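FYI, it's all coordinate maths here, none of it is from the lab. Computed from a prediction, not measured in an experiment: that's the story for all the values here. Here the Cβ is made from the backbone with ideal geometry for all residues, glycine too, and neighbour counts use every protein chain on show.
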Amino acid sequence: MPDQTQQTTPVSYRKTSWLLGGMALAMLGLGFASKPLYDTFCKVTGYAGTTRVAEIASDTILDRKITVRFDSNTRSDLPWTFKPEEVSVTVNVGQNVLAFYKAKNDSQYPVVGTASYNVSPIKAAPYFSKLECFCFTEQRLEPGEEVRMPVLFFVDPLINEDERLDEIKTITLSYTFHNVDNPGEGAYTAAEREIRLKEIQELGLTQ
């Protein structure tokens, strides 16, 4: 008598694969339909080149070094000059690092902007952890005002446990600032940025 198990197992595997694939697509589709949910998913998983948001600083520093490049972009409807203070910095894996971007309002009127970001290569994103940044926060700049915006980050030591990432020598952190057409009342001002920067520096996290 033919072995029925051998005949039905491949079909069973295919059905299971289709089912799991369908569920994954459905969840991803739901995320796109609900942007806040999708953004949260990206922040937690590092999907789509989005960095992780860390709650505690790194306390482990490895000998391995990685160069972090800083990229900056502004949309055409935002009259700002936006750039990093340093083009790149070489850090130890696990080292807490404080870097800065500069933004200047080149117009004659107050402007509110907000920044989105991503990391490349995408596969490194889950290991790039930010403790503080200006992304997804409305920033108000007065006419001609120039400000420094801090980014506090570390490359997670767990990257050393992923053999796929042994080849990673450089990680690029890229920000894009967008104009906010209908800003809320809670946009960051110069005074609030200074207070927050002082709080970050007093933490003494950078090494």
query = Taking the stretch 160-194 as the region of interest, how many residues are surrounded by fewer than 12 Cβ atoms within 10 Å (Cβ to Cβ) and of a type outside the set (G, A, S)?
reply = 9
query = So which strands (runs of 3 or more DSSP E) are wholly in the stretch 59-165 and hold at least 2 residues that are of a type in the set (A, V, I, L, M, F, W, C)?
reply = 65-74, 80-84, 88-92, 97-105, 111-120, 128-132, 146-155
Filter pass, I200 being free of Cβ contacts under 8 Å to residues at least 40 places away in the same chain and assigned to a helix (DSSP H, G or I) = no
request  = Mind listing just one residue for me: the one in the stretch 94-115 that is without any contact (Cβ under 8 Å) to a residue 60 or more places away in the chain and either among the aromatic types (F, W, Y) or touching a Gly at 6+ places or on another chain (Cβ under 7 Å) (or both) and, of those, nearest to N179 (Cα to Cα)?
outcome  = N105
remark   = Over the stretch 78-93, the set of residues free of Cβ contacts under 8 Å to residues at least 24 places away in the same chain and crowded, with 18+ Cβ neighbours inside 10 Å is P84
